[in-house]
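Notes follow once the structure below has been shown.
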Amino acid sequence: MQKTYSEVEAEKHFDSNRLWFGRFRTTRSFNKLTKPEKVAAEYITRAFVGLSYKYELRGPRRYTAKSVKHVILDLFPEKIAATNVFFTSVIPVLRRYIVFLGVQHKISNAKTLVNALDSINPSELLARNKDTSNWDLHKKKGMQILMGYTRDADPKTVSIYEDIYNMGVPLRFCFDFSVNKPPKDIIMLTESLRKRFEQALYEKNK
């Protein structure tokens, strides 16, 4: 087992995931995902691959049931700044993606990993994401931007944050009205900002 983190190795895993996800996107299994799940899917797989390697030092062939559950139930809620729309998509997307990787012979224990995913209660994942005591300092900063507490955030700074701390998951995904309206229980905007977003939604759907 590799003992230390390597940026070179991390990029290899990200590159492999980009290639594999490109193939996954063309499958019937991908097409069966809901629209929000399709939009979130690439970001979810990238975050899963990145978190698995950075904090577990595991590539796809070394995923275990225990590591999968740890990444999803502990690391996603602690590290990834995103709304419930995103977190609701995590398990359905990864379930189909892992089955695909098994069929493609990229992993050899797909059934074991799928069973691990099936054992996770989605409500528990959402509850852990909502619980601010689970957030690390970087996620807290990302959630402040996401929820509108940080006004006029510099786009370059946000982009750097997404790449370094959010495993490439873009904060702008959270306000993509073409996918879903942001859930009010987590997007705690001021009244004026809420009216602006509601007006944007109205104009887009006229």
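What helices (runs of 4 or more DSSP H), lying completely within the stretch 67-147, carry at least 3 residues that are open to solvent by 30 Å² or more (accessible area, probe 1.4 Å) and free of Cβ contacts under 8 Å to residues at least 60 places away in the same chain?
Working: elements: 76-79, 84-103, 110-118, 122-130, 137-146.
It comes to 84-103, 110-118, 122-130, 137-146.
Would you say Leu75 is over 16 Å from Ser52 (Cβ atoms) and either hydrophobic (A, V, I, L, M, F, W, C) or modelled with pLDDT of 95 or more (or both)?
No, not satisfied.
Do you know which of the residues in the stretch 24-63 that are part of a helix (DSSP H, G or I) and among the aromatic types (Phe, Trp, Tyr) is nearest to the chain's Cα centre (by Cα)? If you could, list the steps in order and put the result at the bottom.
Going through the stretch 24-63, the residues part of a helix (DSSP H, G or I) turn out to be 24, 28-31, 35-56, 60-62.
Checking which are among the aromatic types (Phe, Trp, Tyr) leaves us with 24, 30, 43, 48, 53, 55.
Working: Phe24: 17, Phe30: 16, Tyr43: 5, Phe48: 7, Tyr53: 15, Tyr55: 16 Å.
By that ranking, first place goes to Tyr43.
I need the full set of residues from the stretch 148-173 which are without any contact (Cβ under 8 Å) to a residue 40 or more places away in the chain and hydrophobic (A, V, I, L, M, F, W, C), in order please.
Initial filter on the stretch 148-173 (without any contact (Cβ under 8 Å) to a residue 40 or more places away in the chain): 149-164, 172.
Once the filter is applied, which keeps residues that are without any contact (Cβ under 8 Å) to a residue 40 or more places away in the chain and hydrophobic (A, V, I, L, M, F, W, C), the stretch 148-173 yields Ala153, Val158, Ile160, Ile164.
Can you give me the number of residues within the stretch 54-66 that are closer than 18 Å to Ser16 by Cα and surrounded by fewer than 22 Cβ atoms within 10 Å (Cβ to Cβ)?
So the count comes out to 8.
The values are calculated or read from the model by the stated rules, or taken from the named source; none is laboratory data. All figures in this text were calculated on a predicted structure; none of them were measured in a lab. Every residue, glycine as well, gets a Cβ built from its backbone with ideal geometry; the counts of neighbours run over all protein chains shown. Note: accessible area is taken over every heavy atom of the protein model, side chains too, but ligands, DNA and RNA are not part of it. Shrake-Rupley method; radii C 1.70, N 1.55, O 1.52, S 1.80 Å.
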